[in-house]
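Read through the structure below, which is laid out as structure tokens, and then see the notes.
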Amino acid sequence: MNYKFKTETDYKISLQKAEEREDIIKIKISIDFGKKSTPKPVVIRWTHPCKNVFSQWNPQLWSTRTLNPNWMPIKNGSRSAEGTPVQTHLSLDGINEITVSVSDPLIPMEIATGIIEETAEISYKLTLFTKLVSPMDKYETVLTIDTRKLPYEKVLADTIRLWYEETSVPEAAKEPMYSTWYSYHQNLSRHELIAELKLAKQLGMETVIVDDGWQTQDGQRGYAHCGDWEPERLSDMKGFVSDVHDVGMKCMLWFGVPFVGKYSKSWERFQGKFLDAYDEKHPWCVLDPRYPEVREYLTDIYEKAVKEWDIDGLKLDFINNMQLTEASSTPDNNMDYVSLEDAICALLAEIKERLTALKSDILIEFRQPYTGPVMRRYGNMLRVADCPQDAVKNRAGVVDLRLLAHKTAVHSDMLMWNYDDTPESAALQLINAIFSVPQVSVLIEKLCEEQRKMLEFYLRFWKENKHCLIDGKLSAENPESCYSLITSEIENKIIAASYIKNVMNIKKAYNEIIFINGSWDDELFINNKYDDMKSECTIYTCTGEIKESKEIILKKGVNVFNIPKSGMVKLSISG
């Protein structure tokens, strides 16, 4: 297809077709600024017929996948510390109609799309240099327009090769974890926490993430006491970490990377080196990493924490809060970077280099939205953004991350539920996050016997099947419904989970088929499009009790199974 591009810029710009094959067009964008200068925004527009398009996908949509009009477009912002420059429109059966991506994931840009009601076309507006970057005299990137009629998961898997870099993921990043945030918030106690971790270890959790609170006695939330990163509530941090290791678990600590609070000793030191202006409503500011002193200060803190306390990893939080404001839009001579994006990368590269020199298997967690291709160079765990007890949002976030994460470990948001809820209802929190590494954040000592049985069963199931669940080929149907049926298969094994009334289709022979009931119905349907298969059929409740076990024939055609809410059926094929 021949696209007519319109540009809005005073610079000399060239758009040349660099490649065209198999319904893929690559457009080389070349910009000549005339002289070395800080680029102003450059806009490129085009349209595409809106045929057979039902919904859209990008990594920042959460649960909203609808098509907006062009006068109220969907905007997908991307830069080093936020988002990914890709936008997909797809059909109701999950087939790609058009995927647009830009090869450079570092510079700030935005892809905005909407439906033109007069012509039934999709309007595209690509804006480059939406935020301040370093001066340059020329710039090049490649715009790819992919209209192959393939499953959208396949097209996205091909797209991420644009940005793919091999990263090392420690095995510990692929094991269930305990997080203190929802269970304790800032009210941390060494004695109580160690007792809790002994229970967590028994259930299969291998690492604890000690979240906000260890560094302050203040319990009012917010970040007014951040910046010094000295242990107060857990005052003997080295002793505490040693206790965690004695339990048999690894220990990670939370750091709100950019925050320096008014009540910290560092407050006066960094005056004039903040990205934002002080506001009494939130008595803390965001550090500007364009200053070498800021980068060195932060890197020293994390290096010291690993050296002196023997921690095994860091949850580096709020990196996306490093954003230019009116207070920081003009660079000064004390900076060694003009571009905030370059400075963020320099900070994270130095952190990774110095920490991996101390521990090659150091764990580094990032969370949405700073989980794009640039960030994946510096971390090995990507976590869904906070969505307490929102199972649907957690599920959507997990799949969104999995579709772009390649081999980086994808973690759920911390799992929590009401202690008086039924085990079937609580189990939905795990079922909706089953295709990610689970992070659990409930007080295990407060769980009733049935909830604890449920948690033990699903964590054991997850560990026994993790290779298939997190390393298998992922297929997520109906993204417009936040992925109503998800499957993952590896070799001759497939695991599926249904989240609404759904039919699982079997198209070949497997040795093992597992179907999880997250639909809150009492029936699951397997449509066998292959041949009759003799199998051992075992039906489990959510607490792991066997409700039924017998030999059956999985007949060609539709097979109906009566499955308890939040339970599962396991078919072991014998012929």
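Being touching a strand residue (DSSP E or B) at 6+ places or on another chain (Cβ under 6 Å), hydrophobic (A, V, I, L, M, F, W, C) and in a strand (DSSP E or B) is a property that Cys226 lacks.
A search for C-beta distances below 6 Å between a residue of segment 110-126 that is in the same structural domain as Val100 (by TED's automatic domain parsing) and any residue that is among the aromatic types (Phe, Trp, Tyr) and surrounded by 18 or more Cβ atoms within 10 Å (Cβ to Cβ), counting only pairs 6+ apart in sequence or on different chains, returns Thr113/Tyr124; Tyr124/Trp46. Here Glu512 does not qualify as loosely packed, with under 15 Cβ neighbours inside 10 Å and not assigned by TED's automatic domain parsing to the domain that holds Trp462. Among the residues here, Gln215 qualifies as among the polar types (S, T, N, Q), within 17 Å of Asp300 (Cα to Cα) and assigned by TED's automatic domain parsing to the domain that holds Ile194. Listed by position, the strands (runs of 3 or more DSSP E) enclosed by segment 454-523 that each have at least 2 residues that are over 27 Å from Lys407 (Cβ atoms) and either touching a residue at least 12 places away in the same chain (Cβ under 8 Å) or within 21 Å of the chain's Cα centre (by Cα) (or both) are 503-506. Residues in segment 36-95 that are surrounded by 19 or more Cβ atoms within 10 Å (Cβ to Cβ), among the β-branched types (Val, Ile, Thr) and farther than 30 Å from Val384 by Cβ: Val42, Ile44.
Results for (1) assigned by TED's automatic domain parsing to the domain that holds Trp520; (2) closer than 21 Å to Thr64 by Cα; (3) modelled with pLDDT under 95; (4) of a type in the set (Asp, Glu), shown as yes or no for each residue.
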{"residue": "Phe461", "(1), (2), (3), (4)": "no, no, no, no"}
{"residue": "Lys466", "(1), (2), (3), (4)": "no, no, no, no"}
{"residue": "Glu480", "(1), (2), (3), (4)": "yes, yes, yes, yes"}
{"residue": "Leu485", "(1), (2), (3), (4)": "yes, yes, no, no"}
{"residue": "Ile490", "(1), (2), (3), (4)": "yes, no, no, no"}
{"residue": "Ile495", "(1), (2), (3), (4)": "yes, no, no, no"}
{"residue": "Lys501", "(1), (2), (3), (4)": "yes, yes, yes, no"}
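Every condition in (1) touching a helix residue (DSSP H, G or I) at 6+ places or on another chain (Cβ under 6 Å); (2) surrounded by 21 or more Cβ atoms within 10 Å (Cβ to Cβ); (3) outside the structural domain of Trp214 (by TED's automatic domain parsing) holds for Cys251 except the one numbered (3).
Criterion applied to Ile546, Ile539 was being free of Cβ contacts under 8 Å to residues at least 40 places away in the same chain, under 33 Å from the mean Cα position of the chain (by Cα) and closer than 19 Å to Glu464 by Cβ, and the one residue passing it is Ile539. For segment 237-313, the strands (runs of 3 or more DSSP E) that sit wholly inside it and include 3 or more residues that are under 29 Å from Asn334 (Cβ atoms) and in contact (Cβ under 8 Å) with a residue 24 or more places away in the chain are 259-261, 284-286.
The values are calculated or read from the model by the stated rules, or taken from the named source; none is laboratory data. On a predicted model such as this, the values are computed, not experimentally measured, just so you know. Note: ideal-geometry Cβ built from the backbone for every residue, glycine included; neighbour counts use all protein chains shown.
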